[in-house]
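The structure under discussion appears below in the form of structure tokens.
Values in this text are rule-based calculations from the coordinates and carry no lab data. All figures in this text were calculated on a predicted structure; none of them were measured in a lab. Cβ coordinates were reconstructed from backbone atoms using ideal geometry, including for glycine residues, and neighbour counts include every protein chain displayed.
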Amino acid sequence: MKPRGVIDQLSTRIAADVKSGPVLAGSLKEFLLTKARVKMDGGDYGPYTFEGRAVLEHIVERFDVILGSHSGKPLVDARFDI
């Protein structure tokens, strides 16, 4: 039997640790505030906040309007460029 490479071993471990299936949230803003994690000092991960990111909060709200996160109806003639 051929020895497995380090990348294969890590991939197997990561796949076993990750829950399968989509992460459900009603909007991008809700996802960021309830599901997303950011790296903090010391290597730990904590919740995402808009503290110090007020401009990003407005952008996220615009994404939610375009995607129809609250109305259930995406704007048909809207677009956003990243």
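Tabulated values for the structure
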| quantity | calculated |
| --- | --- |
| Listed candidates [x] 15.1; [y] 16.0; [z] 14.7 - label of the one calculated as Kirkwood radius over Cα pairs in Å | [y] |
| Average Cα contact separation per residue, the chain, under 8 Å, 6 or more apart, as relative contact order % | 20 |
| Rounded to 10°, Cα long-axis angle of helix 6-17 versus longest principal axis of the chain | 60 |
| Crossing angle, helix 54-67 versus the chain [Cα axis fit, 0-90 degrees, rounded to tens] | 80 |
| Of G68, G46, G26, the one that fluctuates the most in a GNM where the chain has Cα springs shorter than 10 Å | G46 |
| Estimated FRET transfer efficiency (D44, R79; beta-carbon r; R0 35 Å; 0.05) | 0.40 |
